[in-house]
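**Student:** Please find one structure pasted underneath; my questions will follow.
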Amino acid sequence: MADLGNPKNTIAVLQKYQFHFQKKFGQNFLIDTHVLDKIIDAAEIGKDDFVLEIGPGIGTMTQYLCEHAREVAAVEIDKNLIPILETTLSAYDNVEIINCDILKMDIGALAQRKNDQKPIKVVANLPYYITTPIIMGLFESHVPIDKITVMVQKEVADRMQAGPGSKDYGALSLAVQYYARPKIAAYVPPNCFMPRPSVGSAVICLTRHKKPPVEVKDERLMFSIIRASFNQRRKTLANGLNNAPDIRFSKEQIQESILALGVPANIRGEVLTLEQFAELSNMLADPGREPE
Ligand code: SAM
């Protein structure tokens, strides 16, 4: 089958099937072979790997994945793309096309069936309207995953990789960095897609930590504290936590814990590291505890 990374071949397939792009599914198909090569390199896929691809579109990246991996499962929500995928991928016997919404799928069961509980790789040019729920869903589901390599909106990639003090640093940075080590592999301009998106894109690799870099007694509490700190970015950390409806500690408890961290009482949450958020939440979860 012709390489769909070549725009001429993509246009031929779209015309043959009279395919109409659906904006609601975030359909922007890749038409650049250099970008496809970069994604495959960044994902470090080998012949032993089982790869989950989210949103294969007409199968452009799927072809590359089938060439490099042991087996691929391609999960596509748009039923109109299924007959196209069956044709564009007909040369490969190591791919399963699944017509399903990734947000409703039992990925743990798929990993068990295809990879016997061994860590899987996820590769995707994601639909941008659901980037965060897909990535956080993958991490929080505790499916065995060793690396996620995804195309996302440039600003989202910058936020995932940002550290304390940067304007991009926020709840998403901390949530991603609790589970994985992020690294942007390439920035990708709109002309590499059909149709062209209105935003720039980036390929980011999220290599999952074997164990989280911090020990947290109560993950839910830590993430509530993080969200509260960034919801009210311009307020001090103490005020942000006092005003958050789902954080039920007294003003004094909050103040004492902040001081026990060894930081000024009027510090803003946006300068705290993941380690400090973990420490703060551990102290609040267990008020007698001294900072480590
Ligand atoms: N991988 C193809 C490429 O690179 O050319 C297509 C990428 S396009 C940005 C996103 C794809 O995800 C589309 O094919 C879209 O139909 C599919 N998609 C959107 N929402 C989805 C969902 N909830 N579950 C599975 N696939 C979805």
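None of the figures in this text is laboratory data; all of them are computed from the coordinates on show. These numbers were taken from a predicted model, which means no experiment stands behind them. Because the Cβ atoms are built from the backbone with ideal geometry, glycine has one as well, and the counts that use them run over all protein chains shown.
**Student:** Note the full-extension length gain between VAL271 and ARG233 as 0.36 nm times their separation in residues minus their Cα-Cα distance, in nm to one decimal.
**Tutor:** 12.7 nm
**Student:** Put a dot 7 Å past each Cα toward the Cβ at GLU215 and ALA109; how far apart are the dots in nm?
**Tutor:** Those two pseudo-labels are separated by 3.7 nm.
**Student:** Ok, one more. Compare HIS209, HIS34, HIS68 in a GNM of the chain, Cα atoms joined below 10 Å, and give the one with the largest fluctuation.
**Tutor:** With Cα springs under 10 Å in the chain, the top fluctuation among HIS209, HIS34, HIS68 is at HIS34.
**Student:** Within 10 Å of each residue's Cβ, count the other Cβ atoms and sort ARG220, ARG248, ARG159 from fewest upward.
**Tutor:** Ascending Cβ contact count within 10 Å gives the list ARG248, ARG220, ARG159.
**Student:** Quick one: of LYS16/LYS147; LYS8/LYS118; LYS38/LYS217; LYS104/LYS154; LYS104/LYS211, which pairs are farther than 30 Å apart, Cα to Cα?
**Tutor:** Violating the 30 Å limit, Cα to Cα: LYS16/LYS147; LYS8/LYS118; LYS38/LYS217.
**Student:** Long-range amide H contacts for ILE120: which residues qualify at under 5 Å (H placed 1.01 Å from N, peptide plane, sequence gap of 5 or more or a different chain)?
**Tutor:** The answer is ILE145, ASP146.
**Student:** A follow-up question, please. What residue among LEU89, LEU206, LEU52 shows peak mean-square fluctuation when the chain is described by a Gaussian network model with Cα springs under 10 Å?
**Tutor:** Top of the fluctuation ranking is LEU89.
**Student:** Just name one of ALA185, ALA73, MET160: the one whose Cα is farthest towards the positive end of the charge dipole of region 7-208 (beta-carbon charges, Lys/Arg +1, Asp/Glu -1).
**Tutor:** Positive-end residue among those listed: MET160.
**Student:** Report the net charge of residues surrounding GLN177, where surrounding means a beta-carbon distance below 12 angstrom and charges are Lys +1, Arg +1, Asp -1, Glu -1.
**Tutor:** So the environment of GLN177 carries a net charge of +3.
**Student:** Place a point 7 Å from Cα of LEU259 in the direction of its Cβ. Which residues in region 224-243 have their backbone N less than 20 Å from it?
**Tutor:** Residues 236-243 qualify, since their backbone N sits under 20 Å from the label point.
**Student:** Rounded, prolate or oblate: which fits region 219-285 when a ≥ b ≥ c are the square roots of the eigenvalues of the alpha-carbon gyration tensor, with rounded for a/c under 1.5 and prolate only if a/b beats b/c?
**Tutor:** Rounded.
**Student:** Sort out for me the Cα centre separation of region 57-81 from region 161-178, rounded to whole Å.
**Tutor:** So the two Cα centres are separated by 31 Å.
**Student:** For region 172-292, what does the relative contact order come out to in percent, with C-alpha contacts under 8 Å and a separation of six or more? Could you put the intermediate results ahead of the total?
**Tutor:** Details: 151 pairs, mean separation 28.8, N = 121.
It rounds to 24 percent for region 172-292.
**Student:** Then there's this: If you count the DSSP beta bridges with both ends in the chain, what percent of them are antiparallel, to the nearest 5? Mind dumping the intermediate values first?
**Tutor:** Details: 17 of 37 bridges.
Close to 45 percent.
**Student:** Picking from GLN253, ASN239, SER198, whose Cα lies most toward the positive end of the charge dipole for region 195-254 (charges on Cβ: Lys, Arg +1; Asp, Glu -1)?
**Tutor:** Selected residue: SER198.
**Student:** To the nearest µm²/s, what D does Stokes-Einstein give for the chain at 25 °C and 0.890 mPa s, using the Kirkwood radius over alpha carbon pairs as Rh?
**Tutor:** Value of D from the Cα-based Kirkwood radius: 119 µm²/s.
**Student:** Determine the calculated [θ] at 222 nm for the chain from helices alone, applying -39500 (n - 2.57) to every DSSP H run no shorter than 4 residues and normalising by the residue count; nearest 500 deg cm²/dmol.
**Tutor:** -11500 deg cm²/dmol
**Student:** All other residues with a Cβ under 10 Å from the Cβ of GLY55 taken together, and with Lys, Arg as +1 and Asp, Glu as -1, what is their net charge?
**Tutor:** -3
**Student:** Let me ask something else. Determine the gain in length on full extension of the stretch ALA2-ALA285; use 0.36 nm per residue of separation and subtract their C-alpha separation, reporting nm with one decimal. Provide the component values of the computation, followed by the final result.
**Tutor:** Working: separation 283, 0.36 × 283 = 101.88 nm, distance 5.79 nm.
So the chain would gain 96.1 nm between ALA2 and ALA285.
**Student:** Compare the Cα positions of ILE58, PHE21, ILE102 along the charge dipole of the chain (+1 at Cβ of Lys, Arg; -1 at Cβ of Asp, Glu; about the Cα centre) and return the one farthest towards the positive end.
**Tutor:** PHE21
**Student:** Applying 1/(1 + (r/R0)^6) with R0 = 25 Å to the Cβ-Cβ distance of GLN117 and LYS47, what FRET efficiency is obtained, to the nearest 0.05?
**Tutor:** Once rounded, the FRET efficiency stands at 0.80.
**Student:** For region 23-132, rounded, prolate or oblate, judged on the Cα gyration tensor with a ≥ b ≥ c (square roots of eigenvalues), a/c < 1.5 rounded, else prolate if a/b > b/c?
**Tutor:** Rounded, since a/c falls under 1.5.
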